[in-house]
Amino acid sequence: MLRNILLTTLGCLCIWNGLHAQLFEPNMPDHDSKPYYFGITLSYNTAHFKAASSPRMMNYDSVLLAQAKSVGGFGLGLLGTLKLIPHFELRFNPQLIFANRDIAYHIKYPVYPEDSTSIKQVQSALLSFPLDLKFLSDRIGNFRVYTFVGLKWDYDLASNSANRKVEDLVKVKPSDAGFNLGFGVNFFFPSFIFSPEIRFTNGFGNVLSQDPTNKYSNVIESLKTRMVMFCIHLEG
């Protein structure tokens, strides 16, 4: 009985010492003195279009715009961070992002009832170049939170806007600019920083490439990009 109590007490002391070291003995104590540092990024995203119906839609009696749908994708990239002043950093985070966006249409006079809805997929392979200004909280042991805001420019390697042979597909322009905002958490480990992050991105302009011969494009006035990303940064 006494032996079990001693073993339990010893185990609790070991656990407490480990937690104490994690919470109160900082890992990477010289990190905040670095002028810059680098890392890698893994991300998951849900992307969609903000679609505005065209005033000309009433002239078309076969296809009506229903709604844009969010679809999942993923990405990977590099990370470079420059220290500016205490609590402020400038971060460049280029990524290759694979994103999918669906647009659902209502067919007014389908040949078969099951064809009353048509889904048009827009698949993108984005080279994304976001530049963010980060604000960091004070570090508490091996934990810190941060927020950021910034601008981004994307180039779609899979853009179909120049493809004249593709019929009945919604065509989008390759370039898009927008803004980022979000927040994240830094967990400091002995040799790296683990940083989960939520990022929201909105495009500024209309990426729809109008095609007067495409009945699916004619019912749309504009398409603007929207994306929510969950990122994992591994920083050194």
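Before moving on, here are some points about what is shown:
- Among the residues making up the stretch 193-222, those that are out of contact with any Lys or Arg (no Cβ under 9 Å at 6 or more places or on another chain), modelled with pLDDT under 95 and open to solvent by 10 Å² or more (accessible area, probe 1.4 Å) are PRO212, THR213, LYS215.
- Leading residue by the ranking (farthest from the chain's Cα centre (by Cα)) among those in the stretch 118-142 that are exposed (fewer than 14 other Cβ atoms within 10 Å of the Cβ) and of a type outside the set (A, V, I, L, M): ASP138
- Looking only at the stretch 93-108, and only at residues there that are open to solvent by 10 Å² or more (accessible area, probe 1.4 Å) and hydrophobic (A, V, I, L, M, F, W, C), the one that is farthest from the chain's Cα centre (by Cα): ILE107
- On the stretch given as the stretch 180-192, residues that are surrounded by fewer than 19 Cβ atoms within 10 Å (Cβ to Cβ) and small (Gly, Ala, Ser) total 1.
- Count of residues meeting criterion [within 14 Å of VAL149 (Cα to Cα) and either without any contact (Cβ under 8 Å) to a residue 24 or more places away in the chain or open to solvent by 90 Å² or more (accessible area, probe 1.4 Å) (or both)] in the stretch 77-92: 1
- Total residues in the stretch 44-54, condition surrounded by 18 or more Cβ atoms within 10 Å (Cβ to Cβ) and in contact with a Leu (Cβ under 7 Å, 6 or more places away or on another chain): 2
- Residues being under 30 Å from PHE188 (Cα atoms) and either surrounded by fewer than 17 Cβ atoms within 10 Å (Cβ to Cβ) or charged (D, E, K, R) (or both) - total across the stretch 223-235: 5
The values are calculated or read from the model by the stated rules, or taken from the named source; none is laboratory data. In this text the structure is predicted, and so the values were computed from the model without any measurement. In this analysis, Cβ positions are derived from the backbone assuming ideal geometry, glycine residues included, and neighbour counts consider all displayed protein chains. Ligands, DNA and RNA are excluded from the accessible area calculation, which covers all protein heavy atoms including side chains. Shrake-Rupley method; radii C 1.70, N 1.55, O 1.52, S 1.80 Å.
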